[in-house]
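Here is the structure we will look at, set down as structure tokens.
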Amino acid sequence: MNQSMNVQVPQAAPPSQQGRIGRRQTTVRQPRQNLSLFEPKILGRAVIDAFKKLDPRVQARNPVMFVVEVGSAVTTIEWVRSLIDPHLQGQQGFVLAVTLWLWFTVLFANFAEAMAEGRGKAQADTLRRARTETPAKRLAPGTTDYAPGMPFESVGAPQLRKGDLVLVEAGDAIPSDGEIVAGVASVDESAITGESAPVIRESGGDRSAVTGGTKVLSDWIIVRITSNPGETFLDRMIALVEGANRQKTPNEIALNILLAVLTIIFLLAVVTLEPFAIYSGNPVSITALVALLVCLIPTTIGGLLSAIGIAGMDRLVQRNVLAMSGRAVEAAGDVDVLLLDKTGTITLGNRMAHEFIPVNGTTIDELAEAAMLSSMPDETPEGRSIVVLARDTYHQNEPHDNGAVTFIPFSATTRMSGVDLPGREVRKGASDAVLAWATARKASTPADLQPTVERIARAGGTPLVVAETRSGAKPRILGVIYLKDIVKTGMRERFDQLRKMGIRTVMITGDNPLTAKAIADEAGVDDFLAQATPETKMKLIREQQAGGRLVAMTGDGTNDAPALAQADVGVAMNTGTQAAKEAGNMVDLDSNPTKLIEIVEVGKQLLITRGALTTFSIANDVAKYFAIIPAVFVATFPQLQALNVMQLRTPHSAILSAVIFNALIIIALIPLALRGVKYRAVGAGRLLRDNLLIYGVGGIILPFVGIKIIDVILAALHLA
Amino acid sequence: MTFTFNGLAQIAVFFLILLLLTKPVGLYLVAVFEKKNTWFEPVLRPVEKAFYWISGVKEDEEQDWKAYTVSMLVFTVAGLLLLYAIERLQDKLPLNPMHQSAVDPALAWNTAVSFSTNTNWQNYSGETTMSYLTQMMGLAFHNFTSAAVGIVLAVAVIRGFVRRSGKSLGNFWVDLTRCMLYLLLPICIVGALFLVWQGVPETFNGSAVVTSLEGFKQTIALGPVASQEVIKMLGTNGGGFFNANSAHPFENPTNFTNLVEMLWIFTFGAGLLYFFGKVAGNTKIGWALFGAVSFLFLAAAVICFGAEQNGNPLLNTVHATKDAVVSVDQTYHEYALAQPGGNMEGKEMRFGIGSSTLFATVTTDASCGAVNSWHDSYTPIGGMIPMLNIALGEIVFGGVGSGHYGLLMFAVLAVFIAGLMVGRTPEYLGKKIEQQEVKMASLGLLILPLSILGFSAFAIVYPHGVSQISNPGPHGLSEILYAYTSMTGNNGSAFAGLSANTPFYNWTGGFAMLIGRFGFVIPIMALGGALAGKRIAPAGPGTLPTTGVLFSALVVGVILIVGALTFFPAYALGPIVEHLLMLAGKTF
């Protein structure tokens, strides 16, 4: 998170920057809706949609399936002809069977797409319910403060425009997206995030953005509306999960081109077959030609391609991540470098006091007492941890608050905090800041201070120097508090996995290089950027990109926005500012920076699934040739029976079996397309080998078996 | 299938020599095209500079893919028109001792296209149609230029694949000049002398007239053969000085010349693969493609040899005809009878089965098209192999360039189809394969079946088209398929059997050759151009490995399934059914 990189802050950040109080590392989110893959509700809707999608205007967007639909129409006409034309009477049953299965092929592909969309639609329905219908309390322009019973105008949410000011009180729903201009409130954002624990929102700083559809639980806020109706985050979210204006992603477009050209090539192969057949003395029936064509063109991937893309987006939604474009999901699979903020991602959010180290002959008790005293009113986790350490490990008694204590809070300019008592001042903070403070009061610098500070820094800790002035005594530096960053468990393994995936991790931290290196080593990241500022972060991203690498990062502050926009995958935290959310191409509703790793995996899974089914689809052709070609020509050249390696019973049965296999395989692969091929973090070489064996070699063999089985069943049922 | 040690050993020895030549040839190509020092620098550099000075070419000025392609088109079309003019006017031009008349327009068109596209399809007998001037100024000129054009196009496409910055692919005129001067000329001079030593004539005199033993007068055609022969092979042109092509003892007198001629066909192609890896910064990339095409070559060579050595089973069995009992002993006898066995119809006794089938495989693997045996007389399967080789785009070792960029197209498609399976969007040599690249590669993939199947389908139902075939049934279909395959693929080898010197075949064939050359090369150049400007992503453990056996296997799989299977329905009605019918005792 951004508190670690603003400045070199050896002190805890103020609580307001912590966003969700104390839940980031403790709450494990459940997927927002545990919809099983084949929820009856979704299934029912998908069946209906499958028929709706028969509309040629819809099909025309998918060249492969469009050809199948045209083919189905042609064989339907053939069937009607066979009813009328007495010469074709014997063909009726066969033509009808082929026709039906060709229509099924189109319907199955439609069904796959409808299934993928179904989950999103179900989610969109839930989101729509969150859209508030309660009237908003519009205030007069220029209002900046709250007064009980202040006048407001009651308007419907759709009437609100950008720039309007509204009052939201406890129990009210926030009518639209906006920026808090005054007040602080706890807000229930479960409608968006699915997370029931309330969050604090307040004016100023990085936590001032509120989202329409969320609910104020306590207190009041005055909000300046930042979105016009229809453009709110909720509206965009609904459009996204619904896949309403789904744009094809670049790789998907490229794949579509290849599939279209393959379709043209096979069309060519089938159309030219007729003259060759005429020359050979036996024209092929139109039904058989269409069957051959449909079997050869890549219907499996053609039918499932859009479902795979929608399901990929959906898998992100399941993880509570909203991708603003499919392009970003694809880019996530390609990411080479992950920029991870140290705090909250690699280490637990807060540093903990670990040890007190006195200097210059000060006793440990003196130091512990001063440290505790300075931290008593300090409500930051670091401050509390100092109190706990002093009390539990160094057996100090908590002093009574006699009202004479003045707390000097931490600020980014002083970089220290402390207390003022009558006749006594205690300060703790960044070593150079406290040193400057003490020196100004004529304290001498102890010889053993600098070595101690450096030792702690080198070990990855944060040294806080403690100094005090007492009336009548010489101001002195007492010692150092060792604040330790606690690296989250399991991070090293994660980074090892990422390395195997070919992804480098770079830790971003505001710490000095020594501290950064120690933590980087402990966590096992590949590299680190110390004393990071928005500028150095931006520079790092640019450098990586110039080297041809794709960069992913998370961010939440307004000062992260340029870097989020520059990164190939920029994940903004939902708790972040509006600027950050707009700059990134994904929003993590859980505001969990570790999510980046999962996002990369989802991206890779999407690409692998697409590649696996393309390979499978193309490999399938081998068997289909061997089923149909001998069947079509065996009447002219009985010797071609030698090519009938599957020993299919009759020509009609052979053609029909291939067509049925071709249709059923789409249905059979829907679960795979929706769930995605499992991604394992092994090297690309092994991944390629394994997947080529399964989907390439398997794709060659499986249809031989499948077509044969269907043929046996057809024979057993006396159908062909 | 029948195999003999002798035949397999010939394939192995040939392949081994090729393997040894690949790296040195590749390194020499690097020197020529990366403008490093070659051995001929002191002599040829002034000549090279003089050419630039005369033609006003600025040596350091580079062209993008469009400018490069336009230069190539201008050069080729100019050459095409020049050749057409020479053919039509040859009776009025010098160096015509045999007084050949002007070439008929349709044939002149077909031949002009044929030679300027590196096809060298010949609907004529050289010795009775073309004057020496036409042969040397028209045809041999194109043997050089069309070969050089093929090589420099491949080099330009490779530059697009490997360059790290900029959009330029080199300078066509500089590449062409350097290719001619440093590459083709030196080897051709040495090669021609080698052929003369082996007994190939090189003379401006007219035909020799001798009295045979029986006392008949016999006219023996002669000419400047050796100088033409070497570029015919080296430039994978294949247009013979004589109608009998490399089966003629004056073109290919010994088994030694046969071996060397086959090596000439393959060396530049193999060398270009090494060149590719070298300039890409990792020779393993080149060797991976080398491995893929080696597999295709060896498989084709072995199958073709096995099918021919097996012979025609119909002849093995004793047939009682009305007059006599006929049977042919097709078994192989090495020492006792020194009988080659197998199907010797249409093959030279000097070469036997092994050298003939190997030559047939080599000449069609690359886009050469020279023949030392008649593919029409092969067994159906033996004859299908050369046809399939060409239909794939002559990617096996790639001839002079043209097949090489075809192979790169398949590599791009393989990467695109299977590359996704490692969880990244596809990239080759660190460059992303995206919309534009896929569009151009697919377009290239489409061209061959479009022209081959399209023209064949038309010819096979067009009454005049069918009337020109000499064998009915499936073999007739093979003849037409082979003709358009050979012309589209810019191979030029003839299946024979088809009387293709008619206006219909001359004109359609001319278009097939143009489509096969330019319909293919323009998209591939666009592919190279699109790749040229792309960033190179550094390879890591997550990137698709494009070296090693796995990638070779992947490329082979894509070539066979995406490239070859398209032709399966047509072949099923041609050579495959013919083979099955032959087994069943029926021939055509």
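The values are calculated or read from the model by the stated rules, or taken from the named source; none is laboratory data. On a predicted model such as this, the values are computed, not experimentally measured, just so you know. Please note: Cβ atoms are built from the backbone with ideal geometry, for glycine as well, and neighbour counts cover all protein chains shown. Calculation scope for accessible area: heavy atoms of the full protein, side chains included, ligands and nucleic acids excluded. Shrake-Rupley method; radii C 1.70, N 1.55, O 1.52, S 1.80 Å.
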Rounded to the nearest percent, how much of the accessible area of the protein assembly as shown (1.4 Å probe, protein heavy atoms only) is carbon and sulfur?
62 percent
Listed peptides A:416-424, B:350-358 by packing density, highest first (mean Cβ within 10 Å)
B:350-358, A:416-424
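Could you sort A:Phe704, A:Phe276, B:Phe295 by accessible area so the largest value comes first, with the probe set to 1.4 Å?
B:Phe295, A:Phe704, A:Phe276
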Positive-pole candidate from A:Val74, A:Gly423, A:Ile180, dipole of chain A, charges at beta carbon
A:Val74
Long-range alpha-carbon pairs in chain B, meaning those over 49 Å apart, account in percent for 8 percent
Everything considered on the Cα gyration tensor (a ≥ b ≥ c; rounded for a/c under 1.5, else prolate if a/b is larger than b/c, else oblate), segment B:1-81 must be described as prolate
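Would you work out if segment B:179-219 is rounded, prolate or oblate? Take a ≥ b ≥ c from the square roots of the eigenvalues of the alpha-carbon gyration tensor; rounded if a/c is under 1.5, else prolate when a/b is larger than b/c, oblate otherwise.
Verdict is prolate for segment B:179-219.
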Dimensions of segment A:105-239 along principal axes (Cα, Å, largest first)?
66, 30, 24
Could you state the per residue volume, in Å³, of the convex hull enclosing the Cα atoms of segment B:98-144?
61 Å³
Summing -39500 (n - 2.57) over every DSSP H run of at least 4 residues in chain A and dividing by its residue count gives a helix-only mean residue ellipticity at 222 nm, to the nearest 500 deg cm²/dmol, of -15500 deg cm²/dmol
Whole-number accessible area per residue in Å² for the protein assembly as shown, which is evaluated in the context of all protein chains at 1.4 Å:
36 Å²
Please arrange A:Asp392, B:Asp376 by accessible surface area, largest first, computed with a 1.4 Å probe and ligands excluded.
A:Asp392, B:Asp376
Given the whole protein assembly as supplied and a 1.4 Å probe, what does the accessible area of A:Leu672 come to in Å², nearest 10?
50 Å²
1/(1 + (r/R0)^6) with r = Cβ-Cβ of A:Ile709 and B:Phe3, R0 = 51 Å, i.e. FRET efficiency to nearest 0.05, evaluates to 0.85
A student applying the Cα gyration tensor rule (rounded when a/c is under 1.5; otherwise prolate if a/b is larger than b/c, oblate if not) would label segment B:1-156 oblate
A:Tyr146-B:Trp39 pseudo-label distance in nm [points 7 Å out on the Cα-to-Cβ vector]:
9.2 nm
Cross-link pairs A:Lys604/B:Lys278; A:Lys500/A:Lys604; A:Lys488/A:Lys595 - those with Cα-Cα distance over 21 Å:
A:Lys604/B:Lys278
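Output the Kirkwood hydrodynamic radius of chain A, Cα pairs only, in Å rounded to one decimal.
That comes to 29.7 Å for chain A.
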Per the charge dipole of chain B (beta-carbon charges, Lys/Arg positive, Asp/Glu negative, Cα centre), the residue among B:Val155, B:Val200, B:Tyr132 reaching farthest to the positive end is B:Val155
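For peptide A:540-549, how many partner chain Cβ atoms fall within 10 Å of a residue's Cβ, on average? It would help to have the intermediate numbers written out before the result.
On the way: counts 0, 0, 0, 0, 0, 1, 1, 4, 11, 4.
Mean shielding by partner chains, rounded to a whole number: 2.
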Inter-chain shielding of A:612-623 (mean C-beta neighbours from other protein chains, 10 Å cut-off)
3
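For segment A:239-357, what number results from the quotient of the Cα radius of gyration and 2.2 N^0.38 Å?
This ratio for segment A:239-357 stands at 1.88.
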With a 1.4 Å probe and ligands and nucleic acids left out, the total accessible area lost when A pairs with B, in Å² to the nearest 100, equals 5200 Å²
Over chain A, what relative contact order in percent results from Cα pairs under 8 Å that are six or more residues apart?
16 percent
Using alpha-carbon coordinates, inclination of helix A:431-440 to the longest axis of chain A, degrees:
20 degrees
Amide H of A:Met416 versus every other amide H placed in the peptide plane: which residues, excluding those fewer than 5 positions away on the same chain, fall under 5 Å?
A:Ser411
Just tell me how shielded A:325-335 is by partners: mean number of partner chain Cβ atoms within 10 Å of each residue's Cβ, no decimals.
2
For the protein assembly as shown, how big is the tail of P(r) above 48 Å, as a whole percent of Cα pairs?
47 percent
Just grab the label-to-label distance for A:Val697 and B:Phe458, each label 7 Å out from Cα along the Cβ direction, in nm (one decimal).
4.5 nm
Dipole of the protein assembly as shown (Lys/Arg Cβ +1, Asp/Glu Cβ -1, origin at the Cα centre): which of A:Thr299, A:Met372, B:Asn255 lies farthest to the positive side?
A:Met372
Partner aspartates and glutamates whose C-alpha sits under 15 Å from that of A:Lys52, ignoring same-chain residues fewer than 8 away, are A:Glu69, A:Glu113, A:Glu117
Which residues does a label at A:Leu54 reach in segment A:104-124, if reach means a backbone N under 19 Å from a point 7 Å past the Cα toward the Cβ?
A:104-115
Multiply the residue gap between A:Arg61 and A:Glu153 by 0.36 nm, knock off their C-alpha separation, and tell me the result in nm, one decimal place.
28.3 nm
For segment B:461-537, what ratio Rg/Rh do Cα atoms give with a Kirkwood hydrodynamic radius?
1.22
How far apart, in nanometres, would the label points at A:Ser444 and B:Ser470 be if each is projected 7 angstrom from Cα along the Cα-to-Cβ direction?
11.5 nm
Ratio for segment A:53-171, C-alpha Rg to 2.2 N^0.38 Å, reads 2.15
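So what is the relative contact order for chain B, in percent, with contacts set as C-alpha pairs under 8 Å and at least six apart? Present the calculation step by step, with values, prior to reporting the outcome.
On the way: 1100 pairs, mean separation 114.5, N = 588.
Taking the mean separation of contacting Cα pairs over the length of chain B, I get 19 percent.
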Treat segment B:102-228 as a sphere of radius equal to its Kirkwood radius over Cα pairs and apply Stokes-Einstein at 37 °C in a medium of 0.692 mPa s; give the translational diffusion coefficient in µm²/s, rounded to a whole number.
190 µm²/s
Listed by chain and number, the lysines with an alpha carbon less than 25 angstrom from that of B:Lys58, same-chain partners under 8 positions apart left out, are B:Lys35, B:Lys36, B:Lys49, B:Lys66, B:Lys167
Just to be sure I understand: if I project the alpha-carbon convex hull of segment A:398-540 onto a plane and average over all orientations, what area do I get in nm²?
11.2 nm²
Would you please calculate the Kirkwood hydrodynamic radius of segment B:159-253 over all C-alpha pairs and express it in Å, rounded to one decimal?
16.0 Å
Kindly sort B:Ile469, A:Ile278 by accessible area of their heavy atoms, largest first, with the probe set to 1.4 Å.
A:Ile278, B:Ile469
If you take the Cα Rg of segment B:211-264 and divide it by 2.2 N^0.38 Å, with N the number of residues, what do you get?
1.30
Please tell me the relative contact order of segment A:302-443 in percent, rounded to the nearest whole number, where contacts are Cα pairs under 8 Å and at least six residues apart.
13 percent
Counting only the heavy atoms of the protein chains, how much of B:Tyr132 is accessible to a 1.4 Å probe, in Å² to the nearest 10?
10 Å²
Over all distinct alpha-carbon pairs, what is the Kirkwood Rh of segment A:582-720 in angstrom?
17.5 Å
Using Cα positions and a limit of under 18 Å, work out the lysines in reach of A:Lys474, with same-chain residues fewer than 8 apart set aside.
A:Lys428, A:Lys442
Cα-Cα separations in segment A:470-556 greater than 21 Å, expressed as whole percent
45 percent
Can you list the residues of segment B:540-566 whose accessible area drops by at least 20 Å² going from the chain on its own to the full set of protein chains, with a 1.4 Å probe?
B:Pro541, B:Gly542, B:Pro545, B:Leu550, B:Leu554, B:Ile561, B:Val562, B:Leu565, B:Thr566
